[in-house]
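Working notes for the structure below.
The values are calculated or read from the model by the stated rules, or taken from the named source; none is laboratory data. All values derive from a computational prediction rather than experimental measurement. We place every Cβ from the backbone using ideal geometry, glycine too, and count neighbours over all the protein chains shown. Side chains included, ligands, DNA and RNA excluded: accessible areas come from the protein's heavy atoms. Shrake-Rupley method; radii C 1.70, N 1.55, O 1.52, S 1.80 Å.
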Amino acid sequence: MGLPALEFSDCYLDSPQFRERLKSHELELEKTNKFIKELIKDGKALIQALKNLSTAKRKFAESLNEFKFQCIGDAETDDEICIARSLQEFAGVLRNLEDERTRMIENASDVLITPLERFRKEQISAAKEAKKKYDKETEKYCGVLEKHLSLSSKKKESHLHEADSQVDHVRQHFYEVSLEYVFKVQEVQERKMFEFVEPLLAFLQGLFTYYHHGYELAKDFNHFKTDLTISIQNTRNRFESTRSEVESLMKKMKENPHEHKSVSPHTMEGYLFVQEKRSFVSTWVKYYCTYHREPKRVTMVLFDQKSGGKVGEEETFILKSCTRRKTDSIEKRFCFDVEAVDRPGVITMQALSEEDRRLWMEAMDGREPVYNSNRDSQSEGMAQLDVIGFNVIKKFIHAVETRGIDEQGLYRIVGVNSRVQKLLSLAMDPKTCADVELDSPEWEIKTITSALKHYLRMLPAPLMTYQYQRSFIKAAKLDNPEARILEIHSIVHRLPEKNRQMLDLLMKHLANVASHHQQNLMTVANLGVVFGPTLLRPQEETVAAIMDIKFQNIVIEILIENHERIFKDSPVPVGGSANSQLNLLRRRSTETKPPSCSERPLTFFHTPPPAEKVEKRNSVVLNSSTDSILTHTSVNSNSTHGRAHLNSLTGSDPDLDGVPTGKQARPNSLLNPKSRSSVPTSPASPSPTSPRSPSWPMFSAPSSPQPASSTSSDSSPISPPSRKARALYACKAEHESELSFIAGTIFENVHPSREPGWLEGTLDGRTGLIPENYVEFI
């Protein structure tokens, strides 16, 4: 029930019921007063909390804005640039949001606190004052009335008339005050319905305005968020593809630390102990020394590795001669003497090992450093850019475009290695090439695509040549997208004629494949991931080269997306307007970037002795290739480079004999009588983060079979060496010769078994059989 109405006529009666109704109104006003008082207190606390929150968010945004990403290498991809500026974008959004919050906070006091305080002061306080006046007049009236009624009737008539007039006046004033009090009480009760609620509505409207501003900001931010999501996914995919390469390189360094040198053929550097003679006492001081062959300049810096700080100035001299120090002439080992042109005397230096001394001696004697034998090995590859090679590639491309252009995972899913080798040997043999029918169901599309990629890896040098490999990478690192295209256009037309023709043929085909990406899920970015390391592999295996894989991919993306422009346009004329435009774009790309410092990452050098070389050339080397670098993103992209928009594709390790289709059947002699119903019939695809095979062809020795020596009677491929493998799925052993394991288990010494479809490996000291399609090599 609501409050009862107060009738003005009841003020004259002033009955107990009237007083009771008036009391209920007074209690309601008191409750309203207390509520508004608490509400004002809470509102002020809320405003202060919002101010504190705004201050904290602004500080957070400032921290984001001040942080700068530093990427490895001298250039960044478009994706890395997008990620690097994301923190500034985040900070800008937060600052914009907090500016709107500040406006809301500034208005909150005016629209909420001030009206409530005014209502409490002007209305409720006025009602309280009216109550005090009413109570006072009630007491006065009652006192006068009682005194008047106690007068004796024997008083004079004039005295009684005066007393009656006085009582009538007091009564009239009491009635007026009562009427005014009742009016004020009911007025306040009615006013609170709008004067109390209206400020709250205005405050909520301010909140809604703030939240709507945030919604508009989110809509404006959505485009950048989409680009950033794609960039993050692309960067994660590149990380997964390069991490295993770097880890593999690190393991090789651990196993053979003596097989690395500086990349630069003109510089030798490292720590040397230099003998210093003072007052008949010889001391050995550690210096970091650098030798530049061209000017024969030696630079020495006194350096303490323990503190990590430079403790001396550089000393430089020009080398005159270098002589190995005989062991019997000095107590120290690994010593050699050097003479300087610009200082007298002999400087005795001690290397860190015999091998280290040999390298220093070779460098200072002017002999060239020994480089990786990768090129020599690859020169033995059987693939050539000749008529046969062009015909083979054209046949492969025709088969792919007519039979499987829409097949999902085209060029990512690999074929069975034995089938790929058979197809290549038949297609490249002049005697049998005409008999190969690629339209036949005998040759799956994945076998044909794997054969095409394998042919490109079998070339003596990458299709885009070692000579221009760094030039292509530098072009991809330019900031201006148009400058990248013009530079790559120029380099492509400097390639050897046959290389350019083959590249033209291949890029035209890949552009056709990319145009069907809605069906085959192979976007330009995914094709770049597949073909970049194959067409632009470097000569040496280094960390820096692995970090440049992302730029190799970008080069291929540019070639695919701009195929018509790059291959059909004439070369850029020297001194022409196009050349001037290219130089202008180059300058714009480099003006805002500091010059890159020279880096000499670690690399492997391997020079087999002559006997080993002969043995290699008289054998068949069969390396598996890893073609599947899986992608997790399904977001569409319109970016020129580094964008992917497909779901994760199923890949398989080329070291396995085909895609997993369940546990391999055991020979009858080893089968258990019990049922194998628990064996999965179609296990999931291997994890997208699985590392590449150690035989990744980007940097290693040739990943192609070489012709067997004519003196060899066995032309079958050599079995791969023992290595580690990781379980893709769980498996329960059903025979004592098998191993039980869970997904992720690491096996040692894994090698082919004599049982078809099975491998043999070691787990926790026990050797047993492993289903071949349940593991991947690492």
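Here are the numbers for this structure:
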{"read-out": "Solvent-accessible heavy-atom area per residue, rounded to whole Å², over the stretch 5-46 at 1.4 Å", "value": "65 Å²"}
{"read-out": "Calculated FRET value between S418 and F60, using beta carbons and R₀ = 51 Å, to 0.05", "value": "0.30"}
{"read-out": "For the stretch 49-124: accessible area per residue (Å², 1.4 Å)", "value": "55 Å²"}
{"read-out": "Other-chain or far-sequence residues with amide H under 5 Å of D14's (modelled H)", "value": "none"}
{"read-out": "Förster radius 22 Å - calculated FRET efficiency between E401 and Q501, Cβ distance, rounded to 0.05", "value": "0.75"}
{"read-out": "Estimated vicinal HN-Hα couplings, Hz - the stretch 242-247 in sequence order (Karplus 6.51, -1.76, 1.60; Gly, Pro = x)", "value": "9, 4, 5, 5, 5, 5"}
{"read-out": "Largest-first ordering by accessible area, 1.4 Å probe, given options K252, K41", "value": "K41, K252"}
{"read-out": "Cα→Cβ-extended label distance, 7 Å offset, between R191 and L160, nm", "value": "4.7 nm"}
{"read-out": "Cα centroid of the stretch 462-511 to Cα centroid of the stretch 66-90, whole Å", "value": "26 Å"}
{"read-out": "Accessible area (Å², 1.4 Å probe, nearest 10) - E117", "value": "80 Å²"}
{"read-out": "Percent carbon-and-sulfur accessible area, the stretch 374-503, ignoring ligands, DNA and RNA, probe 1.4 Å", "value": "51 percent"}
{"read-out": "R85 accessible area, 1.4 Å probe, all protein chains in place, Å² to nearest 10", "value": "110 Å²"}
{"read-out": "Burial order of peptide ranges 150-157, 335-342 (average beta-carbon count within 10 Å, highest first)", "value": "335-342, 150-157"}
{"read-out": "Filter on K31/K136; K395/K550; K254/K724 - keep pairs with C-alpha separation over 20 Å", "value": "K31/K136; K395/K550"}
{"read-out": "Burial order of peptide ranges 123-132, 217-226 (average beta-carbon count within 10 Å, highest first)", "value": "123-132, 217-226"}
{"read-out": "Y210, Y12, ranked by accessible area, largest first (probe 1.4 Å)", "value": "Y12, Y210"}
{"read-out": "3J(HN,Hα) from dihedral phi, the stretch 97-108, Karplus parametrisation 6.51/-1.76/1.60, rounded to Hz, x for glycine, proline", "value": "5, 6, 4, 5, 5, 4, 4, 5, 5, 4, 7, 4"}
{"read-out": "Net charge over other residues, Cβ less than 14 angstrom from the Cβ of Y211 (K, R count +1; D, E count -1)", "value": "0"}
{"read-out": "From phi via Karplus (6.51, -1.76, 1.60), per-residue ³J(HN,Hα) for the stretch 558-566 in Hz, x at Gly/Pro", "value": "5, 5, 6, 5, 10, 4, 4, 5, 6"}
{"read-out": "FRET efficiency for V346 and E313, using Cβ-Cβ distance with R0 set to 25 Å, rounded to 0.05", "value": "0.65"}
{"read-out": "Packing rank of 102-110, 241-249, 748-756, where each peptide gets the mean count of other beta carbons within 10 Å, highest leading", "value": "241-249, 102-110, 748-756"}
{"read-out": "Placed amide H near G312: partners under 5 Å, 5+ positions off or other chain", "value": "L302"}
{"read-out": "Solvent exposure ordering (accessible area, 1.4 Å, most first) of S86, S737, S515", "value": "S515, S737, S86"}
